[in-house]
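Chemist: Questions regarding the structure given below will be posed in turn.
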Amino acid sequence: MARLDQVITNIVDIFLDYADDGGKKRKLNKEELKKVLEQEIQSPELKGKINADDIEEAMEMLDKNHDGEVNFREFCRCVCDLAKCYYHKKTGKGGKKCKGKEKEEEQ
């Protein structure tokens, strides 16, 4: 499987693994989102971007329909934001919105 194929497949599979409750809702609540971010992100570059306050902020930012849960579209937005943060860290460009533990430690 090509690398991008694998990435897409993994994003869908990860979401379904954590959001699956017998196929009824297929959404992540705050605890499930926290679990995804804690268990599925291991690289220091990304792990350093996430803390407890960020989970609360992420839920508020991602939950566009304000139902207290993150659907697949909202989850993809989260993954995209993390990818942008990693890109900015790797290239040294942009990244003003990429915050987390590292910026808190600098202050």
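The values are calculated or read from the model by the stated rules, or taken from the named source; none is laboratory data. Note that the structure is predicted; figures quoted are calculated from it, not measured. Methodologically, a virtual Cβ is constructed for each residue, glycine included, from the backbone with ideal geometry; neighbour enumeration extends over all protein chains shown. For accessibility, only protein heavy atoms count, side chains too; no ligands or nucleic acids. Shrake-Rupley method; radii C 1.70, N 1.55, O 1.52, S 1.80 Å.
Chemist: Would you mind telling me which numbered condition in (1) surrounded by fewer than 12 Cβ atoms within 10 Å (Cβ to Cβ); (2) modelled with pLDDT of 85 or more Lys96 fails?
Modeler: So the condition that Lys96 fails would be (2).
Chemist: Okay, moving on. Go through Leu46, Leu33 for me and flag whichever is under 15 Å from Cys76 (Cα atoms), hydrophobic (A, V, I, L, M, F, W, C) and not in a loop (DSSP other than H, G, I, E, B). Quick ask: steps written out before the conclusion?
Modeler: Numbers: Leu46 fails: under 15 Å from Cys76 (Cα atoms).
Answer to the check: Leu33.
Chemist: Moving on to the next point. With the requirement that a residue be modelled with pLDDT of 90 or more and among the hydrophobic types (A, V, I, L, M, F, W, C), what does region 37-78 give you?
Modeler: Scanning region 37-78 gives Val70, Phe72, Phe75, Cys76.
Chemist: Tell me which of these Arg26 doesn't satisfy, since it passes every other one: (1) assigned to a loop (DSSP other than H, G, I, E, B); (2) more than 12 Å from Val70 (Cβ to Cβ); (3) open to solvent by 50 Å² or more (accessible area, probe 1.4 Å).
Modeler: (2)
Chemist: Report every pair of residues separated by at least 6 positions or lying on different chains whose Cβ atoms are under 6 Å apart, first residue within region 5-25 and modelled with pLDDT of 90 or more, second aromatic (Phe, Trp, Tyr).
Modeler: Cβ pairs passing all conditions: Phe15/Phe72; Phe15/Phe75.
Chemist: Ok, one more. Please state which of the following conditions Leu33 fails to meet, knowing it meets all the rest: (1) at pLDDT 85 or above; (2) surrounded by fewer than 16 Cβ atoms within 10 Å (Cβ to Cβ).
Modeler: Evaluating Leu33 over (1) at pLDDT 85 or above; (2) surrounded by fewer than 16 Cβ atoms within 10 Å (Cβ to Cβ) leaves (2) as the failure.
Chemist: In region 57-92, which residues are over 18 Å from Tyr18 (Cα atoms), part of a helix (DSSP H, G or I) and either open to solvent by 70 Å² or more (accessible area, probe 1.4 Å) or among the charged types (D, E, K, R) (or both)?
Modeler: Correct list: Glu57, Glu60, Met61, Asp81, Lys84, Tyr86, Tyr87, Lys89, Lys90.
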